[in-house]
Amino acid sequence: MQMAEYLDLQVEGETLRLLPQRAVYWPRQQALLLADLHLGKAAHFRRHGIPLPAGAIERDLAQLDALLRACPEAEQLIVLGDLFHSAHNAEWEQFGAWLAAQPHTCTLIRGNHDLLEPARYAALGIGVLEAWDLGPFRLLHEAPAEPGEQEPYTLSGHVHPGILLEGLGRQRLRLPCFWFGARGGVLPAFGALTGLARILPAPGDCIAAAADGQVMLVQRGRTV
């Protein structure tokens with residue numbers, strides 16, 4: 001398997017750089033795309049009596065810092081849904097303080113967990129859209145199950161895709177992955193408390209796993 005610090009794909013005539021921080025850099029738009037942070041999830045579950053380990057928000061913000069350092073030319077953040085897990089809690093204020101210190105614009109493509117009042121997004125200068133046709137792509141949270149042939153190529157999240165790797169000695173390892181098919185690409189979940197859903201890619205799909213600061217090309221598809 002090919003492993004590197006990043007992997008450049010040509011998709012719909014555009015270069016998309018897959019990063020080990022489980023995000024995509026789109027050079028033409030100077031945009032970082034990420035999905036499914038689910039900030040506030042730990043505090044939300046603890047509020048409801050379900051113990052989750054502390055420190056998830058700090059790990060996510062540190063990962064965001066690492067992402068911005070890896071792409072200093074980026075000017076905008078585009079979140080493909082599920083930025084915050086549920087109702088407002090203190091972790092939103094932590095994220096707000098982090099975002100206020102950044103020069104980047106931030107746009108959220110609304111996901112099924114993005115339930116905060118519009119005023120909270122506006123207060124942080126976050127633009128909120130249901131979908132965004134940008135260049136040759138349609139940016140969504142959840143891609144349609146059967147996109148039309150004339151519809152734009154979609155970039156989305158929601159699935160939290162993971163790929164199962166099996167070794168000769170019966171080792172089994174499940175890793176977050178980027179999944180690019182014939183009509184759309186799905187980003188891995190960015191957040192620390194998100195879990196994985198095993199995918200079953202078609203033969204022509206491109207699959208790249210993110211692990212240990214590298215991107216691993218698992219299946220070379222049409223886009224590579």
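When the residues of the range 72-90 are filtered to those that are outside any loop (DSSP other than H, G, I, E, B) and not aromatic (Phe, Trp, Tyr), the one that is surrounded by the fewest Cβ atoms within 10 Å (Cβ to Cβ) is Ala90. Looking at Leu168, is it open to solvent by 20 Å² or more (accessible area, probe 1.4 Å), under 21 Å from Arg220 (Cα atoms), in a loop (DSSP other than H, G, I, E, B) and at pLDDT below 90? Taking the combined requirement at face value, the residue satisfies it.
When you look at Ala101, is it closer than 17 Å to Ala192 by Cα and surrounded by fewer than 16 Cβ atoms within 10 Å (Cβ to Cβ), yes or no? The answer is no for Ala101.
Looking only at the range 199-224, how many residues end up being in contact with a Pro (Cβ under 8 Å, 6 or more places away or on another chain), within 25 Å of His38 (Cα to Cα) and free of Cβ contacts under 8 Å to residues at least 40 places away in the same chain? Count: 0.
The rows are residues; the columns are (1) over 18 Å from the mean Cα position of the chain (by Cα); (2) surrounded by fewer than 18 Cβ atoms within 10 Å (Cβ to Cβ).
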{"site": "Gln94", "(1), (2)": "yes, yes"}
{"site": "Ala122", "(1), (2)": "yes, yes"}
{"site": "Gly127", "(1), (2)": "no, yes"}
{"site": "Glu130", "(1), (2)": "no, yes"}
{"site": "Phe137", "(1), (2)": "no, no"}
{"site": "His141", "(1), (2)": "no, no"}
{"site": "His160", "(1), (2)": "no, no"}
{"site": "Leu175", "(1), (2)": "no, no"}
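Looking at Ala202, is it aliphatic (A, V, I, L, M), surrounded by fewer than 17 Cβ atoms within 10 Å (Cβ to Cβ) and assigned to a helix (DSSP H, G or I)? For Ala202, the condition - aliphatic (A, V, I, L, M), surrounded by fewer than 17 Cβ atoms within 10 Å (Cβ to Cβ) and assigned to a helix (DSSP H, G or I) - is not met.
In the set (1) over 28 Å from Glu58 (Cα atoms); (2) in contact with a strand residue (DSSP E or B) (Cβ under 9 Å, 6 or more places away or on another chain), Val128 fails one condition alone, (1).
Check whether at least one residue in the range 82-101 is over 17 Å from Phe190 (Cα atoms) and touching a Phe, Trp or Tyr at 6+ places or on another chain (Cβ under 7 Å), and report yes or no. No, the range 82-101 contains no residue that is over 17 Å from Phe190 (Cα atoms) and touching a Phe, Trp or Tyr at 6+ places or on another chain (Cβ under 7 Å).
The values are calculated or read from the model by the stated rules, or taken from the named source; none is laboratory data. Quantities reported herein were computed from a predicted structural model and do not represent experimental measurements. All Cβ positions, even for glycine, are placed from backbone atoms using ideal geometry, and neighbour counts span all protein chains on display. All accessible areas refer to the heavy atoms of the entire protein, side chains included, with ligands and DNA or RNA removed. Shrake-Rupley method; radii C 1.70, N 1.55, O 1.52, S 1.80 Å.
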